[in-house]
Amino acid sequence: MRAFTVAAAAAVQVDVASHEQSPLGALQAQFAAVEQQIKAAGKITPGVYSTVMKLQKMVTSIIEPAILESHAADQLLVLTVFREIISCDATYKKFVNADKMAAMTALKSVKTEFDHCGGSVEELKEKFAKCLDDRDVLVRHNNTVCCQEFAICSSATGYGDCEIVKLEQGFVGCDYKAMTGEECFAHAKAMVEPLSGYFANQDKKYEAVRFECAKFSAATKAKVAECAYLQEAVNAKVHETNEFAEQFNGAARKTEQSCKQACAEYQDCRAKTVAAYVKVVGPCEADNAYGSGGDCVKNRESDRKSEWEATQTISCLLKHYCDGGHFDEKNVEECKGSIDSYHLAVTYPKVPEELPCEIPDCGACPGCDECLDRPYYQYETPCYATPLGEAPACMEEPECPEWCAEPVQPKPTAAPVHLTFFFGSALPAGKKGILDAGLGYSQHGAVTYGWNCDGDNKVDYSGGRRGTSRGGGLGLNHFDRSNTCRSGSEYLPVNFEVAVPNGEYKVHVNFGDEDVDSTQRNQAGCAVEGQGACDGSGKCIVEKSVTVTDGRLTVTGYGHDSSKCHSISELRISN
């Protein structure tokens, strides 16, 4: 080995003073000298034999152990550097399987708590919003009923007479010449006797209204308290949820940062240890000259194998000298063929794939906004100077979350609808209502109504109107007396429509002429709001509730010769 010096060879008394080189070099030089001595003497002299024994001892005692020791040292070096790579992997795996997993488990637990709290918040918010809606309804009823009480008994001072009735006579007298005192009193009593029932009825009305006012006032106060309780409950749950959100968000950022740091440290560790492993193991950058491997183990491994083969070859030849006193090429080949250096092969473990670095995106939990009350004493004409019951002060601009920021407006109450239409040429005797002229759908003053053929309102069905001698005294109009609403031979639906707000209505429709023999009539096809009205022949009068969703109440029939429903006498609509 190159690590050995001339002093090592001198320890076995081999003359290498002129060979300042490795033990192998000294052995080769001394072997060459032995060859020259044998050639000169023609045989193995005792001196030569002694030198040969020293050389063999040098091989077995110094060179072979040195080669084996160097191999073991390099193998240990390779495994040591390799273990540094494995140590990087093991450290990162430990982080992933322990620290990271524990952090993610803790995050999951907090997220579960947050989700639970968030669900409770939304549930409470819905209850709170519903409570505010109910409270507003109660406030409106309370205001209405209590105003009625105030109107019945509206004394300026709150005391005294609530109602004064003026009698027809300004005074009551007594003619003592013609009447007794008892008769005069009876006469006066008779004058005011009718007021007994009137005042009793008015008193009942007042007591009923006063009772309703008290009832709604108590209900409103209870609802106000309920809403205040729900507001406190929802805001407490909001605070709890926000605490979980803050806890989760802080832990999430910390977990992400620790994962980033662990990943960066692992990648740096891998880069350094793999670089060190490659530097020790190779591929070697030096040339293939003997002894030029430097720190590269693969080069030193190759050098050792060469040293081993050379040493074993010389040892084998020395043995041949001792046995026969000579050697030839055959001996050399036999010696080389018997040498095996497999035990000097260094094991180079394969570097495992770098572990993937996964930095979790933990996300964030949004916080929740508190819920604030909203103004609710929005009287159009307040009856009292101070609000009824105890309630939060009205806020001009309540800072509520989006879902409750807009004040709840009272749901509009549909305007009352009471319409009656007649379709003959004149109004029936003693009846009030609108007499339809048989023209297309259009506006007529405050009411919009009229006819159309399958949606086309450019029609005129006035020619089909008949007097009150038809339709059981109501008169009638044919849906299409001239049979113009057709597509080829197909009769299209003819509609009479009235514009009304969407909602539910009670309708009364008289579809026919009572004077016509039932065997000549077929009322199939009569419809109200798309619903069949009659299913056969004869008289057809419909009373039912229907729901309008398109802003028009529609009554449908067909042309005169369609053998279907084709006339109408009366239509009443109310909500």
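Could you tell me whether any residue of segment 105-124 is modelled with pLDDT of 85 or more, at negative phi and open to solvent by 70 Å² or more (accessible area, probe 1.4 Å)?
Looking through segment 105-124, at least one residue is modelled with pLDDT of 85 or more, at negative phi and open to solvent by 70 Å² or more (accessible area, probe 1.4 Å).
Name the residue, out of Leu435, Leu419, that is at pLDDT 75 or above, among the hydrophobic types (A, V, I, L, M, F, W, C), in contact with a Phe, Trp or Tyr (Cβ under 9 Å, 6 or more places away or on another chain) and under 23 Å from Glu504 (Cβ atoms).
Selected residue: Leu419, the only one of Leu435, Leu419 that is at pLDDT 75 or above, among the hydrophobic types (A, V, I, L, M, F, W, C), in contact with a Phe, Trp or Tyr (Cβ under 9 Å, 6 or more places away or on another chain) and under 23 Å from Glu504 (Cβ atoms).
Starting from segment 344-363, keep only residues that are modelled with pLDDT of 85 or more and outside any loop (DSSP other than H, G, I, E, B), then list their pairs with residues that are open to solvent by 30 Å² or more (accessible area, probe 1.4 Å) and aliphatic (A, V, I, L, M) whose Cβ atoms are within a distance under 9 Å, requiring at least 6 positions of separation or different chains.
Sorted first by the residue in segment 344-363, then by its partner, the pairs are Leu344/Leu68.
Return yes or no: is Asp323 open to solvent by 80 Å² or more (accessible area, probe 1.4 Å) and either modelled with pLDDT of 90 or more or outside any helix (DSSP H, G or I) (or both)?
Taking the combined requirement at face value, the residue does not satisfy it.
How about segment 229-240: which of its residues are open to solvent by less than 50 Å² (accessible area, probe 1.4 Å) and over 21 Å from the mean Cα position of the chain (by Cα)?
Selection gives Leu230, Gln231, Ala233, Val234, Asn235.
Among the listed residues Glu265, Glu226, Glu243, which satisfies the condition of being closer than 30 Å to Pro349 by Cβ and surrounded by 14 or more Cβ atoms within 10 Å (Cβ to Cβ)?
Glu265
Can you find a residue that is within 22 Å of Asn575 (Cα to Cα), over 50 Å from the mean Cα position of the chain (by Cα) and at pLDDT 90 or above anywhere in segment 521-538?
No, because not a single residue in segment 521-538 is within 22 Å of Asn575 (Cα to Cα), over 50 Å from the mean Cα position of the chain (by Cα) and at pLDDT 90 or above.
For residues that are within 18 Å of Thr420 (Cα to Cα), at pLDDT 90 or above and open to solvent by 40 Å² or more (accessible area, probe 1.4 Å), tally how many sit in segment 548-575.
Going through segment 548-575 one residue at a time, the tally reaches 2.
Filter segment 196-223 down to residues that are aliphatic (A, V, I, L, M) and in contact (Cβ under 8 Å) with a residue 40 or more places away in the chain and give me whichever is surrounded by the fewest Cβ atoms within 10 Å (Cβ to Cβ).
Ala219
Go through Asp89, Asp99, Asp74 for me and flag whichever is at pLDDT 65 or above, part of a helix (DSSP H, G or I) and over 60 Å from the mean Cα position of the chain (by Cα).
Only one candidate qualifies: Asp74.
Here are some residues: Tyr384, Tyr461. Which one is modelled with pLDDT under 55 and either within 30 Å of Glu226 (Cβ to Cβ) or touching an Asp or Glu at 6+ places or on another chain (Cβ under 8 Å) (or both)?
Sole residue among the options that is modelled with pLDDT under 55 and either within 30 Å of Glu226 (Cβ to Cβ) or touching an Asp or Glu at 6+ places or on another chain (Cβ under 8 Å) (or both): Tyr384.
For residues in segment 436-473 being open to solvent by less than 20 Å² (accessible area, probe 1.4 Å) and touching a residue at least 60 places away in the same chain (Cβ under 8 Å), which is farthest from Thr420 (Cα to Cα)?
Gly464
The values are calculated or read from the model by the stated rules, or taken from the named source; none is laboratory data. Because the structure is predicted, anything quoted here is derived from the model rather than measured. With ideal geometry, Cβ positions are generated from the backbone for all residues, glycine too; neighbour counts draw on all protein chains shown. Quick note on the areas: whole protein, heavy atoms, side chains included, nothing else; ligands and nucleic acids left out. Shrake-Rupley method; radii C 1.70, N 1.55, O 1.52, S 1.80 Å.
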